[in-house]
1. State the dimensionless ratio Rg/Rh of the stretch 144-275 (Rg: radius of gyration of Cα atoms; Rh: Kirkwood radius).
2. Structure shown: which of 67/321; 41/300; 95/300; 195/302; 67/300; 96/328 lie over 24 Å apart, alpha-carbon to alpha-carbon?
3. Could you state the angle between the C-alpha long axis of helix 82-94 and the longest principal axis of the C-alpha atoms of the chain, as a value from 0 to 90 degrees rounded to the nearest 10?
4. Would you please give the FRET efficiency between residue 245 and residue 38, computed as 1/(1 + (r/R0)^6) with r the Cβ-Cβ distance and R0 = 41 Å, to the nearest 0.05?
5. How high is the relative contact order of the stretch 38-117, in percent, counting Cα pairs under 8 Å that sit 6 or more residues apart?
6. Suppose R0 equals 35 Å; then what is the FRET efficiency for residue 322 and residue 119 from their Cβ-Cβ distance, rounded to the nearest 0.05?
7. Mean residue ellipticity at 222 nm from the helices of the chain, using -39,500 (n - 2.57) per DSSP H segment of n ≥ 4 over the full residue count, to the nearest 500 deg cm²/dmol?
8. Angle, helix 278-295 long axis vs. longest principal axis of the chain, Cα atoms, 0 to 90°, nearest 10?
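Read-outs: derived from the displayed coordinates by stated rules, not from any lab. On a predicted model such as this, the values are computed, not experimentally measured, just so you know. Cβ placement follows ideal geometry from the backbone for every residue including glycine, while neighbour counts extend to all protein chains displayed.
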Amino acid sequence: MRKNKVVFAAAIAAALMVGTAACSTPADEATPAASGGDVNKLLGIVTITASDANNARVIAGATAAAKAAGWKVEVVDAAGNADTANSAITNFVSKKAGMIFDLVFPVTSLGAGMNAARSAGIPVASWGGGLTDGVVMTTGDGAPFAKPATEQLLSDIDNEGAVLALTYRTGEVCRARETLFDEIVSKQPNVTVQKEEVTIPGFLQDGARYATAWLAGHPAGEGNLAIWGCWEDPTLGAISALKQAGRTDVLTYGINGSSTAIKAVQDGSLTATVYEDGAGEGKAMFDTTLEAIAAGKSWKQKTINVDGILVTADNVDAFVKDHPEALK
């Protein structure tokens, strides 16, 4: 398989790569009701989990950009619960926030919150949650980050073997990554896949538990074996099970490129991950939403597509040299 080593576009470049949403739907005509007038400088962030490293990077990037512009930031960790996310968004509306960010929750699961924000004219930006009326911008759906990791996996096992795929279907990003994973792997008839869905919270423990059970049915020497996670934290949980079982024959893959994951690539326990500059995306979200507020009713929804970097043992030293912030 072709190895897709993607070159990361920095936050400034990412802002230049924006494109309007491809499909013509009522959502395409959505514009922020707020104009360039007085705006309450409160950014409300609702995240699917604050413990994931990449979510934390997005929050940090958005927070730094907002505070530099004189804004206050409040963060709610919805812990994977859409009802909690809806309540948090509604609460930010009652506080008359100037903008609201949704991290990962599909906007289709945020009906009550989105209705409240839309009625109040408060612009919402989504990190991987998609577009709907009232959402001024979103980052890409996250699927492209799965491509280099999945293609690397297939290349490493010579398109033949057994794979444990750790999924998470509550989040739009993981759903999109799973769909792309399925599309790529389905073309390889000699690859068998067992899927297990992790929870938030509890993804590390779930990864370890599912790996332990899967290993029992896949003894060493059986053939090519690999574990894939729609982000790397479940895979890191699985790695703990591999270590406990003394198994060094199983390849491991993740996505997002947290500092823990990069270090795991360095020590050889993680075969590959795909680095995503969450801090740059957070800054781009804030800057773009400011543009939407200033544009008012003339605003057109945007999707910001950001590429990632495949990190393996072959390039991790050079990667860390070029991106020292990845280890922080």
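1. Values: Rg = 13.1 Å, Rh = 14.2 Å.
Looking at the stretch 144-275, the ratio lands at 0.92.
2. Working: 67/321 29 Å; 41/300 22 Å; 95/300 26 Å; 195/302 33 Å; 67/300 26 Å; 96/328 34 Å.
Distance filter (> 24 Å) returns 67/321; 95/300; 195/302; 67/300; 96/328.
3. In the chain, helix 82-94 runs at an angle near 20 degrees to the longest axis.
4. On the way: r = 61 Å, r/R0 = 1.48.
Approximately 0.10, to the nearest 0.05.
5. Details: 121 pairs, mean separation 34.4, N = 80.
With pairs under 8 Å counted, the relative contact order is 43 percent.
6. Values: r = 46 Å, r/R0 = 1.31.
Between residue 322 and residue 119 the formula returns 0.15.
7. Numbers: 11 runs with 132 residues, N = 328.
The helix-only estimate for the chain comes to -12500 deg cm²/dmol at 222 nm.
8. It is inclined by approximately 20 degrees.
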